Amino acid sequence: MAGGFLNIAEAAVHLNISEDAVKQLVDQRKLFALRDTSGYKFKQEELDRYLEDQKDISEADATAPKTSDESGLSLD
C-alpha cells in the first residue's frame, strides 16, 4: 500500500471480491477510485465505507417486515 492507497488487487482482497467485481462497482459508481497511469487506486477509508454500507443494507433487509409476496401465502 504505497502512499496510503490500495491498487485494484489489494482492494479486491480487502473487499473479498474479484478484481472484475471491483471494476464493476467503480463503473456503477458504488465505489470511488482515483485513476493514474498504473490503474485504479483506492483509499482504505473508501473501501471501509463501502463495506459498512453493505452491512447496513443487509441488516435493513433482515429486519424489514415481509410483504405478502414473501410470506409464502397465496391468494389463489
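The values are calculated or read from the model by the stated rules, or taken from the named source; none is laboratory data. All of these numbers come straight from a predicted model, not from anything done at the bench. Virtual Cβ from ideal backbone geometry, glycine too; neighbours counted across all protein chains shown. Note: areas computed on protein heavy atoms with side chains; ligands, DNA, RNA excluded. Shrake-Rupley method; radii C 1.70, N 1.55, O 1.52, S 1.80 Å.
Provide a single number: the residues in the stretch 50-66 that are within 23 Å of Val26 (Cα to Cα), without any contact (Cβ under 8 Å) to a residue 24 or more places away in the chain and open to solvent by less than 70 Å² (accessible area, probe 1.4 Å).
Looking only at that region, the number is 2.
Could you check the stretch 7-49 and list, in sequence order, the residues that are loosely packed, with under 12 Cβ neighbours inside 10 Å and in contact with a strand residue (DSSP E or B) (Cβ under 8 Å, 6 or more places away or on another chain)?
Selection gives Leu34, Arg35, Ser38.
Please enumerate the residues belonging to the stretch 1-35 that are out of contact with any Phe, Trp or Tyr (no Cβ under 9 Å at 6 or more places or on another chain) and assigned to a loop (DSSP other than H, G, I, E, B).
Once the filter is applied, which keeps residues that are out of contact with any Phe, Trp or Tyr (no Cβ under 9 Å at 6 or more places or on another chain) and assigned to a loop (DSSP other than H, G, I, E, B), the stretch 1-35 yields Met1, Asn16, Ile17, Ser18, Gln28, Arg29.
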